[in-house]
Amino acid sequence: MRDALLYAQAKGVVRVVPRVGAFLETTPAAARIAVSAIIPRVDSALRKGLGREPTNVLHVLDARRVIEVELIGHAAERRRVEDLLPVRQLLDAMLQLPVKFSRQEYVELDLRYHAALANLAGNEVLATMQRILMDLLTSHFAQVPSNVELRPEAERSHIAIYSAVVAGDAPRARRAMHEHLSLI
């Protein structure tokens, strides 16, 4: 993250004030440059930092919760009706999987569903961070045995998240996402 911030500061996109914080420059041109310049660096820095040693899965899950709960609130506030169809299609695909489903297929649909929700938020930096955390968790999710008894609860929580986003209800979306991630 430090490298990404230093790079952004060098490009004039961010102003770093020691012991205070980092502030985005407010010019529209700087904001456009910021996203295209920072995303690859954030991706690289996080993957490098998290890939150094075995990562505590509970820490990754906690980071995912922090980021994804905030992302879903932004998604509910900023979503455009025309952008909801791909999310709805992924939700429908998960709901239509037969009872005796492939665990791998369900995990893949679930990851795509969460990534699509994250994209609705319109914050590429947070969506990139969420995607990296999900990548770290994918192998762990695939190893968890299928539990048919938990599936109805997971489906209800997926529906609750989507419904809150469609309604534009950010507090309800955040609660639904928090509850959903607590199932894990």
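The values are calculated or read from the model by the stated rules, or taken from the named source; none is laboratory data. Computed from a prediction, not measured in an experiment: that's the story for all the values here. FYI the Cβ positions are ideal-geometry reconstructions off the backbone, even for glycines, and counts take in every protein chain you see. Only protein heavy atoms, including side chains, enter the accessible area calculation; ligands, DNA and RNA are left aside. Shrake-Rupley method; radii C 1.70, N 1.55, O 1.52, S 1.80 Å.
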- Rank 87, 165, 16 by mean-square fluctuation in a GNM of the chain with C-alpha springs under 10 angstrom and give only the top-ranked residue. 16
- Would you mind computing, in nm to one decimal, how far apart the modelled labels at residue 6 and residue 102 are, each placed 7 Å from Cα along Cα→Cβ? 4.5 nm
- Task: Within the stretch 147-184, find all residues whose amide N lies under 20 Å from a label point positioned 7 Å from the Cα of residue 80 along Cα-to-beta-carbon.
- Result: 165-170
- Note on the structure: So the FRET efficiency between residue 146 and residue 50, C-beta based with R0 = 45 Å and rounded to 0.05, is 0.95
- the stretch 108-135-the stretch 165-183 distance, computed between alpha-carbon centres (Å): 15 Å
- Task: Tell me the label-point distance for the pair residue 62, residue 167, using the 7 Å Cα-to-Cβ offset, in nm and rounded to one decimal.
- Result: 3.1 nm
- Query: Any idea which of 17, 138, 165 is furthest toward the positive side of the dipole for the chain, if Lys and Arg beta-carbons carry +1 and Asp and Glu beta-carbons -1?
  - Reply: 17
- For the chain, modelled as a GNM with alpha-carbon contacts under 10 angstrom, which of 84, 150, 117 fluctuates the most? 150
- Task: Kindly write out, for the stretch 165-171 in residue order, the coupling ³J(HN,Hα) from the Karplus curve 6.51 cos²θ - 1.76 cosθ + 1.60 (θ = phi - 60°), rounded to whole Hz, with x marking Gly and Pro.
- Result: 5, 4, 6, x, 9, 4, x
- Once all protein chains are kept in place, residue 101 shows an accessible area at probe 1.4 Å, nearest 10 Å², of 30 Å²
- Note on the structure: With the 1.4 Å probe rolled over protein heavy atoms, the chain has an accessible area per residue in Å² of 58 Å²
- According to a simple spin-label model (label point 7 Å from Cα along Cα-to-Cβ), what is the distance in nm between residue 17 and residue 153? 4.6 nm
- Query: Relative contact order of the stretch 64-184: what whole-number percent is it, with Cα pairs under 8 angstrom and at least 6 residues apart?
  - Reply: 44 percent
- For the chain, modelled as a GNM with alpha-carbon contacts under 10 angstrom, which of 74, 158, 59 fluctuates the most? 59
- Query: Assigning unit charges at the beta carbon (Lys, Arg +1; Asp, Glu -1) and nothing else, what dipole magnitude in debye, to the nearest 20, does the chain show about its Cα centre?
  - Reply: 520 debye
- Query: Can you give the helix-only mean residue ellipticity at 222 nm for the chain, where every DSSP H stretch with n ≥ 4 adds -39500 (n - 2.57) and the sum goes over all residues, rounded to the nearest 500 deg cm²/dmol?
  - Reply: -24500 deg cm²/dmol
